[in-house]
Amino acid sequence: MPTPKRRRSEELTKMQRIHDTAGADFRNTAHWRIFRIMAEFIDGFQFLADLKKEVTIFGSARSAPGDYWYEQARMLGQLLGRAKYTVITGGGPGIMEAANQGCAEVNGMSVGLNIKLPQEQQMNGHVKQGMGFHYFFTRKVMLSASAQAYIFFPGGFGTMDEMTEMVELIQTGKMQSVPVILVGKEFWSGYLDWVRRSMRDAETPLISAADLDLMMVVDSAVEAFAIVKRTKERPYF
């Protein structure tokens, strides 16, 4: 017999399907939008509930096969998949696809949490289990919900947004401390130098010296994997 939680989730999922067919009128109706947001949160947490040993990987959607960081992300996916970690990405192209590809190549659990956009970013073909989101903010919560490590390859504004939010959640105690691993010393050094100069060492310091320790910088998939192996599974924040 379905539990009350399951029945409620099924009701909200039905609502979302109705909302998805309502077109522009739905998007202009605040009350219906709230139900859609609720449905995405409930469905998202239920989707994640059965996953184990999650590691979330971020990076540029523009990286292509053969690029150095694409191949490093693919290698990391292979290393994680062989070790029975669940590899979670945003489900799109580039670094996301590379990590999913590597994991799928070794028959690992390759997961994608994709964003539904009008003209781009379909779920990549290496995702074994996936979920699409209408809202960026609900997707971001799921990407940060329960991973035991967050790994960031070189990327653009989206990657920076996701990285700084993870650091802020840990800094403010909203999420337990887990490794935030930045892959690519040359790429990340300029950002970290700016943080030291303009935030930590400002006349009126904007962050504490310990805040910089929330980020770990490595230069390869092998180094990132070595850090992940020292981590433990964690519950939802």
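Observations, loosely collected:
- Contacts under 7 angstrom Cβ, first residue in the range 203-223 being free of Cβ contacts under 8 Å to residues at least 60 places away in the same chain and on the phi < 0 side of the Ramachandran plot, partner aromatic (Phe, Trp, Tyr) and surrounded by 15 or more Cβ atoms within 10 Å (Cβ to Cβ), 6 or more apart: VAL217/TRP188
So that you can scan it fast, the table gives a plain yes or no per residue for (1) closer than 24 Å to GLU40 by Cβ; (2) of a type in the set (Val, Ile, Thr); (3) at pLDDT below 95:
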position	(1), (2), (3)
SER177	no, no, yes
VAL183	no, yes, no
GLY190	no, no, no
ASP201	no, no, no
SER220	no, no, no
LYS232	no, no, yes
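- In the range 154-173, the residues that are within 22 Å of SER208 (Cβ to Cβ) reach residues that are of a type in the set (S, T, N, Q) with C-beta atoms within less than 7 angstrom, at least six apart or across chains, in these pairs: MET166/SER144; LEU169/SER144; ILE170/SER177.
- Filter result for GLU165 (under 21 Å from the mean Cα position of the chain (by Cα), closer than 17 Å to SER146 by Cα and either part of a loop (DSSP other than H, G, I, E, B) or in the same structural domain as LYS84 (by TED's automatic domain parsing) (or both)): yes
- Candidates GLU233, GLU203, GLU168, filtered to the one that is surrounded by fewer than 19 Cβ atoms within 10 Å (Cβ to Cβ) and farther than 29 Å from LEU51 by Cβ: GLU203
- Here is the figure for the range 63-91: residues that are surrounded by fewer than 24 Cβ atoms within 10 Å (Cβ to Cβ) and in a loop (DSSP other than H, G, I, E, B) total 7.
- Taken over the range 100-156, the residue count meeting the criterion of being more than 18 Å from LYS53 (Cα to Cα) and either assigned to a loop (DSSP other than H, G, I, E, B) or not assigned by TED's automatic domain parsing to the domain that holds THR86 (or both) is 17.
The values are calculated or read from the model by the stated rules, or taken from the named source; none is laboratory data. Since the structure is predicted, the reported quantities are computational estimates derived from the model, not experimental observations. Backbone-built Cβ (ideal geometry, glycine too); neighbour counts: all protein chains shown.
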